[in-house]
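See structure below.
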């Protein structure tokens, strides 16, 4: 059964068709990968799904509801969350607080109740903290609860992003290159975590990923984007055999592509795509 | 942000060791008690305004800082704070009204700084027109408690000025008016990026001041540059009881006490509000916006609503303080609310530490003391030394605060008492500790951090 | 950003034809002059229309005639204000272009320029040389002095207060700049008081001549409105235009200009291409500061009396002008300055005429400027000449 239906989604930046007439259906409870060469429009597609960009054309229906006129935060409340390719944690907040921010759309205590600490507010807060701890336990960060997010090692930051995304009780998580920059050991453990998202938490998972080992091992379906166009879709075996994919993507020897070679250029594209707010400029490379 | 500065640990390793040793077991209790008693006695012995009293008064206020910093039981801290703020300070105030006035002004500015800290420190929105909300509150009470209001509503002239006892209603009204102004200014400008927002709020502040200066024509609303005098004061409803208790104080002194406690009350409420908000879903959303706006939206934080909430909270308290200020001063005019005052409040926030509630309280106290007490004192001392009057330090507030802003941003951007989220988090479970009193640091955490680095 | 627009054709200077170079130098100026004419015409039509509509409401004076009598003077006033804002706005916009940072202290750099000029006049007067000094030489020397001091000062402020904060969150350098602005105000005041210049300083010049009559226009009946241009205003306009030409040459033709444009577009890449980014940023401050200083001297000559706080309001308005034109865009800053100057001059003169002096125009002109700023930022944050997306996406 379809959880998310994107029909003819198009997003244009000036003359560049970043996402061109993409139609995609994602079934409830599946693990789906979106792959494609660098600059193929994968992250832009995620940005359109999560409301950071408005699509120029097309429709997006999630769980029977149109997402077109919703803001990002409303889309999150509907049940879609994401992680970011270039990790975007709230650096000066603690690990636990990061997860609690993820819970924002599920907490409703009005200001009045907060100021006077009414019993309902206290109970909500207690439950939220309890749940945040459980999520941190789930991703294996319980002992780092009170560390600042910026002090976590790289792999843990990725885990924290996943925990933060799960905090909004999503039906679907979009993971943008969850294993980028990880060593094989970390990648294996991240892959297991992604598998558990679906198996233990019942969350539908969509991921952008370059590591073909990860993609082929856990995806049930794969969609391939190239120059903003969906050129193929199917099971891992279909994709492996698809001549267009091989030509556009695998033909370049991408199966063996190591993280080191694709890492940097992809992050540059990513920055070009997601940087919509001034705060981002903080992350501009130092001179 | 959370680390203590590394240089000091290099220089004062032994000092840190000493601090750690003195911060264990019975020592802090002994120290703080001795210190408080000695300073209080010295201060009360000769309350006349002089250089020594000035120094002693600062040391006296230092009791609060020490109490906050030392490893003491929360109940003990609470007791000291209550004794200090409830008895010690007001009693001294009856001996010397000058210091009472300073204490009250400190309270007013602490509230203002805490309000600005919500927008600047928590959410990271630089508001340079903050004083406009304060002005709005002040003019609200000034206009309606004098004949000014008759000009606006000629048909209802018999209703004005409103009876002085309405002051308390107007405080609430100011809360609402301030919040509405915050929303009104906020809703169009909050979509702007940070530095544009700063300039627009600055423009807004100037517009309000220019309006206050010029709205004596065509209808005399603000009485223009002359300002409004003879502003109404609330009745001293408690006077009979106090007299019955045999306290022999003049009406002026009673008013001073009244405003002191009123400000203290609002301040306590304000600290409770900002502390609780900062540890709630709203405060976390604010900080998340400050840290990474895009990620915050993606995590379901409604950006505009949260920013507006912050604006409204800060503005409403500023407006309430404005009404109190107007009633206390009995006279207001437009220059009281100029840009320099906004920047003054901003320096308090930057000095203390953006986002840090105890830091901002300390920053506001220091800056207000500097402005009202220390600089004039320094000026007097200098004039004795025959320094030409061109160099009167009270005349160089801009230079002083300018330097302060530059030096703080370069050398200590986190402020003198930086925000420490880790500590808050450790204490987050102790929800029931009264929030009016600043939280106790976990035993011996601070010196440890210093020694490790 | 216009500074970006020409980088595509960035071949070696020698290979470009004289025609392109001339176009790059005078093109923006033509655009500015078009905006001068356009703003003057549109605003004049608007006030005349108002005068027609409101004519019946006034019996004491003929509103239309009153409007026409002051119109030429208002237009000249608008031009002077416009060029003032334009020259100051250039400093804001250039710094914003390379650093994306509002140099809040730029108004004070401007003020320092005015004080340098005044000091020059004062010292000449003390030597009893002022009255016989050749006026033109005086103006040129004063401007040069102001440019040097203000430019160096701007560079110093960058080195001291902004460079250490270059990678800090955006608001931090802004706060430092606010601090610098306040600090400079009082520093100048302290110096002025200590040297005996006093708080309000008279800007002494050799006799610069009076008003030059420009002509008369009939305004109905046998009455004529004669209009003239104050020689100081004329000096202002001419000097401003020369500086704008010089700046266009510097930015669009020279190697330095190309380096500045490159840094503005992408600091990291520019440094990879072998451009010393710190030096370019310092030079940007130098150029912007020098322009501000020159504007300060001209402003001082024009108004006659200055004080240490005189830079704040023009600075703020010039920033408004820079935003109005599209911040980061050099032609935009000039155009924005012109438009804002005209608007302000018209509001200042006609608001009180149309409301029988109920609203004193000068004060409400400030409000008008800020309202414009707020409205632009909300509805068209990219400004008049800015591209639809100002953000570096």
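No lab work stands behind these numbers, since they all come straight from the coordinates. These figures come from a predicted structure and were not determined experimentally. No Cβ is skipped: glycine too gets one built from the backbone with ideal geometry, and neighbour counts run over all protein chains shown.
Data table
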{"quantity": "Label point distance in nm, residue C:276-residue B:416, each placed 7 Å from Cα along Cα→Cβ", "calculated": "4.0"}
{"quantity": "Relative contact order (%) - criterion: Cα under 8 Å, at least six apart; region: the stretch C:134-270", "calculated": "13"}
{"quantity": "Cα-based helix-to-principal-axis angle, C:171-194 vs chain C, degrees rounded to 10", "calculated": "60"}
{"quantity": "FRET efficiency estimate (nearest 0.05) - Cβ-Cβ, residue B:305 to residue A:127, R0 22 angstrom", "calculated": "0.45"}
{"quantity": "Globularity ratio of the protein assembly as shown, using Cα Rg and 2.2 N^0.38 Å", "calculated": "1.02"}
{"quantity": "For A:209, C:100, order by how many other beta-carbon atoms lie within 10 Å, fewest first", "calculated": "C:100, A:209"}
{"quantity": "Gain upon complete extension [residue B:183, residue B:250; 0.36 nm per residue less C-alpha separation]", "calculated": "19.9 nm"}
{"quantity": "Cα→Cβ-extended label distance, 7 Å offset, between residue C:50 and residue A:120, nm", "calculated": "5.4"}
{"quantity": "Gain on full stretching of the segment that runs from residue B:27 to residue B:83 - 0.36 nm per residue minus C-alpha separation", "calculated": "18.1 nm"}
{"quantity": "Label-point separation in nm, residue A:189 to residue C:217, each point 7 Å along Cα→Cβ", "calculated": "8.1"}
{"quantity": "Shape category assigned to the stretch C:182-338 from the gyration tensor of Cα positions, a/c cut at 1.5", "calculated": "oblate"}
{"quantity": "Counting DSSP beta bridges with both ends in the protein assembly as shown, the antiparallel % (nearest 5)", "calculated": "65"}
{"quantity": "Among A:83, A:118, A:187, residue whose mean-square fluctuation peaks in a GNM of chain A (springs only between Cα atoms under 10 Å)", "calculated": "A:118"}
{"quantity": "Fewest-first ranking of B:145, C:271, using other Cβ atoms within 10 Å as the exposure measure", "calculated": "C:271, B:145"}
{"quantity": "The stretch B:145-162-the stretch C:303-338 distance, computed between alpha-carbon centres (Å)", "calculated": "42"}
{"quantity": "Among A:232, A:109, A:165, residue whose mean-square fluctuation peaks in a GNM of chain A (springs only between Cα atoms under 10 Å)", "calculated": "A:109"}
{"quantity": "CD proxy at 222 nm, helix term only [per DSSP H run n ≥ 4: -39500 (n - 2.57); per residue of the protein assembly as shown; nearest 500]", "calculated": "-20000 deg cm²/dmol"}
{"quantity": "Mean Cα-pair separation over length for the stretch C:21-379, i.e. relative contact order, pairs under 8 Å, 6 or more apart, %", "calculated": "35"}
{"quantity": "FRET efficiency estimate (nearest 0.05) - Cβ-Cβ, residue C:123 to residue B:389, R0 25 angstrom", "calculated": "0.50"}
{"quantity": "Fewest-first sequence of B:19, B:328, C:19 by Cβ atoms within 10 Å of each Cβ", "calculated": "C:19, B:19, B:328"}
{"quantity": "Nearest-0.05 FRET efficiency for residue C:202 and residue A:54, computed from C-beta distance (R0 51 Å)", "calculated": "0.30"}
{"quantity": "0 to 90° range, to nearest 10: angle between helix C:18-54 axis and chain C longest Cα axis", "calculated": "30"}
{"quantity": "Rounded tilt (10° steps) of C:255-265 against the dominant C-alpha axis of chain C", "calculated": "90"}
{"quantity": "Rounded if a/c under 1.5, otherwise prolate or oblate - chain A, Cα gyration tensor axes", "calculated": "prolate"}
{"quantity": "Between the stretch A:8-80 and the stretch B:221-297, the Cα center-to-center distance that results, in Å", "calculated": "49"}
{"quantity": "Whether the stretch C:21-379 is rounded, prolate or oblate, judged on the alpha carbon gyration tensor where a/c under 1.5 counts as rounded", "calculated": "prolate"}
{"quantity": "Centroid-to-centroid separation of the stretch A:137-198 and the stretch B:322-383 [C-alpha atoms, Å]", "calculated": "47"}
